[in-house]
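Input: a single structure, listed below in structure tokens.
The values are calculated or read from the model by the stated rules, or taken from the named source; none is laboratory data. Remember, it's a predicted structure, so these values are computed and weren't measured experimentally. All Cβ positions, even for glycine, are placed from backbone atoms using ideal geometry, and neighbour counts span all protein chains on display. All accessible areas refer to the heavy atoms of the entire protein, side chains included, with ligands and DNA or RNA removed. Shrake-Rupley method; radii C 1.70, N 1.55, O 1.52, S 1.80 Å.
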Amino acid sequence: MAVLLLGEVTNGELNRDATAKAVNAVKALGDVTVLCAGASAKSAAEAASKITGVAKVLVAENALYGHRLAEPTAALIVSLAGDYSHIAAPATTDAKNIMPRVAALLDVMVLSDVSAVIDADTFERPVYAGNAIQTVKSRDAKKVFTIRTASFDAAGEGGAASVSDAAAATDPALSVWVSDEVAASDRPELTSAKRVVSGGRGVGSKESFEIIEKLADKLGAAVGASRAAVDSGYAPNDWQVGQTGKVVAPELYVAVGISGAIQHLAGMKDSKVIVAINKDEEAPIFQIADFGLVGDLFSTVPELTEKL
Amino acid sequence: MKVLVPVKRVIDYNVKARVKADGSGVDLANVKMSMNPFDEIAVEEAIRLKEAGKVEEVIAVSIGVKQAQETLRTALAMGADRAILVVAAEDVSTDIEPLAVAKIIAAVAKAEGTELVIAGKQAIDNDMNATGQMVSALLGWGQAAFASKVEIDGGKAKVTREVDGGLQTIEVTLPAVITADLRLNEPRYASLPNIMKAKKKPLDEKTPAEYGVDVSPRLEIVSTREPEGRKAGIKVGSVDELVSKLKEAGVI
Ligand SMILES: Cc1cc2nc3c(=O)[nH]c(=O)nc-3n(C[C@H](O)[C@H](O)[C@H](O)COP(=O)(O)OP(=O)(O)OC[C@H]3O[C@@H](n4cnc5c(N)ncnc54)[C@H](O)[C@@H]3O)c2cc1C
Ligand SMILES: Cc1cc2nc3c(=O)[nH]c(=O)nc-3n(C[C@H](O)[C@H](O)[C@H](O)COP(=O)(O)OP(=O)(O)OC[C@H]3O[C@@H](n4cnc5c(N)ncnc54)[C@H](O)[C@@H]3O)c2cc1C
């Protein structure tokens, strides 16, 4: 058995955290080959070759793969699929875009957001906003799946895998990239941060979201948000934590002005320590918080920031 | 141009799913069911394209049990022109896998001659986030998943997508598949007169066999269990107490 793992490459750099967590998830299934595809991908490939547990790295460096459009990347994976029993990727938005396409082209099912690998055919995954965990067994000859990175630790450093080139596949030429709107930030990345501070509708405005950001910066934390906060324009879309946003499991999660809807809990309830700050003592978030503080966020959060 | 919108009947998003005591699945008996929220957004987008004169006809399709008729009537009341129900299961607790669903949707798209499919990004029951991408692969079409803005012009769709780092805009040649993310639009409520009118709109019933699709599953659900529970902790009386508790817990 052998595994082809799509490494997460953004602008030529490897997202080591997501990729190394995925390596740990699949390494029991066979030799792991990491595929690094991008307009520039050599340095990402080098970084991937050092992850413990990686047997081989394939680099597909071609302008075709520069913006991770689904069609060419899926065609590339399909062209390589013959050699592998398992084809996997960390469950990033890129992989969620690409892997179902790969599966359909291979006429197999896809399994999204796998949270545990039981054996070569059997996997666990959360369903119903994490209110149930399903154990599923696949009858397909090839298994195609994405991995919920929050459920795995990252593989360590110290590998020395061989790196070789993969030939580009024919471009289906169905879509073109136009532009990216990506905010640069010095803060840790949400899904790999050790600490996360999230704000909800209770924060009230884009301007007051600064209260959340100041606490986050004091803690060296990433900033998250509820859907309500994103929909209201207080925070950008890529900060959304939840069933349909990002899934996080940091050591510390601070929820401020968030009521605790099931869709939000689905994205953060595996955090080690949860703190909730809310003025409503009946808010459901308190049912899962380790430490709850009932109070107005506009006074308590600045006080907390100051006292840390 | 015709647009096809697949709509799924799922557990209402306000209901907390309960795992059956015998581990055989989630209890769906006497549970409120609704249209998957992402599909309401997809229907809304299709109707807006029609109102803007970009498409001529909006067709809603659902694959599942007979009761999915209600879901299709909702789509018709919102403004879809007609609906197709592909009856693929008898028991409400049988779900059809995305690959089979995608094969049926692809076959319907071909049979109806649609040039655009707008699906939801994810069904909130199984959270697979797969069907739209699979449909486009099966049809050999381009895909624009997780859309937060769609502009159709000159045989192309310019789509802004919600991605991990922020937003990405791509242009995809039609025919294509788009999947709707949360912030694409705010779906309308169906008015009472439109609900009455929807009862007279055409709703055809079909079977997977009529589209030549085998719906037998590739996956076997071995068991379903509750996630590890989390107990409520304590309430602290002040910010000072919170700080000292966090220190004790070793997280700051
Ligand atoms: C298909 C679908 C997908 C969804 N996906 C997600 C998702 O991925 N992530 C997500 O988060 N949600 C998601 N939701 C939305 C979810 O159902 C809730 O609507 C949302 O999480 C509510 O956000 P909130 O807690 O910020 O707002 P609210 O529920 O309005 O809560 C605001 C809280 O702030 C408190 N508050 C107000 N003022 C103050 C103050 N001054 N000081 C202290 N506390 C204050 C209030 O007591 C209240 O508890 C989804 C919904 C649907 C239908
Ligand atoms: C009670 C229960 C029993 C199950 N039993 C089995 C079983 O016996 N065997 C098995 O292999 N699997 C079973 N499953 C799992 C199930 O088949 C898949 O995991 C599930 O279909 C995942 O995809 P999704 O519906 O989340 O689709 P997604 O890919 O997340 O849906 C995305 C979009 O596709 C469209 N769409 C999806 N489905 C439909 C539809 N039916 N009609 C119209 N449009 C649609 C909608 O636009 C939707 O927004 C079961 C699931 C449940 C809940």
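Tabulated data for the structure shown
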{"quantity": "Flag for B:Ala102 being assigned to a strand (DSSP E or B) and either within 14 Å of chain A (Cβ to nearest Cβ) or not aromatic (Phe, Trp, Tyr) (or both)", "calculated": "no"}
{"quantity": "Those residues of segment B:109-131 which are crowded, with 22+ Cβ neighbours inside 10 Å, in contact (Cβ under 8 Å) with a residue 60 or more places away in the chain and within 11 Å of ligand 2 (Cβ to nearest atom), in sequence order", "calculated": "B:Val117, B:Ile118, B:Ala119, B:Gly120, B:Lys121, B:Gln122, B:Ala123, B:Ile124, B:Thr131"}
{"quantity": "Boolean, B:Ile252 is part of a loop (DSSP other than H, G, I, E, B), within 9 Å of another protein chain (Cβ to nearest Cβ) and open to solvent by 50 Å² or more (accessible area, probe 1.4 Å)", "calculated": "yes"}
{"quantity": "Top-ranked residue of segment B:200-231 - restricted to ones that are within 8 Å of another protein chain (Cβ to nearest Cβ) and open to solvent by less than 60 Å² (accessible area, probe 1.4 Å), ranked as farthest from A:Ile274 (Cα to Cα)", "calculated": "B:Arg218"}
{"quantity": "Unmet requirement for B:Lys50, which otherwise passes all of (1) of a type in the set (D, E, K, R); (2) within 12 Å of ligand 2 (Cβ to nearest atom); (3) in a helix (DSSP H, G or I)", "calculated": "(2)"}
{"quantity": "Search result, residues across segment A:177-210 that are open to solvent by 70 Å² or more (accessible area, probe 1.4 Å), without any contact (Cβ under 8 Å) to a residue 40 or more places away in the chain and not in a loop (DSSP other than H, G, I, E, B)", "calculated": "A:Glu181, A:Val182, A:Glu210"}
{"quantity": "Options A:Asp165, A:Asp186: the member that is modelled with pLDDT under 95, closer than 30 Å to A:Ser43 by Cα and either more than 11 Å from chain B (Cβ to nearest Cβ) or within 16 Å of ligand 2 (Cβ to nearest atom) (or both)", "calculated": "A:Asp186"}
{"quantity": "Residue match in segment B:107-117 (condition: farther than 30 Å from A:Ala261 by Cα, of a type in the set (Asp, Glu), at pLDDT 95 or above and part of a helix (DSSP H, G or I))", "calculated": "yes"}
{"quantity": "Scan of segment B:120-147 for residues that are part of a strand (DSSP E or B) and more than 14 Å from ligand 1 (Cβ to nearest atom), ordered by number", "calculated": "B:Gly142, B:Gln143, B:Ala144, B:Ala145, B:Ala147"}
{"quantity": "Hits in segment A:248-275 - residues which are more than 16 Å from ligand 2 (Cβ to nearest atom) and touching an Asp or Glu at 6+ places or on another chain (Cβ under 9 Å)", "calculated": "A:Val248, A:Ala249, A:Ser259, A:Asp270, A:Ser271, A:Lys272, A:Val273, A:Ile274, A:Val275"}
{"quantity": "Residues being out of contact with any Ser or Thr (no Cβ under 6 Å at 6 or more places or on another chain) and in contact (Cβ under 8 Å) with a residue 40 or more places away in the chain - total across segment B:132-141", "calculated": "3"}
{"quantity": "Given (1) within 16 Å of ligand 1 (Cβ to nearest atom); (2) within 12 Å of chain A (Cβ to nearest Cβ), index of the condition B:Thr74 fails", "calculated": "(2)"}
{"quantity": "Sole residue being within 24 Å of A:Val114 (Cα to Cα) and within 14 Å of chain B (Cβ to nearest Cβ), chosen from A:Ala20, A:Ala37, A:Ala74, A:Ala55", "calculated": "A:Ala74"}
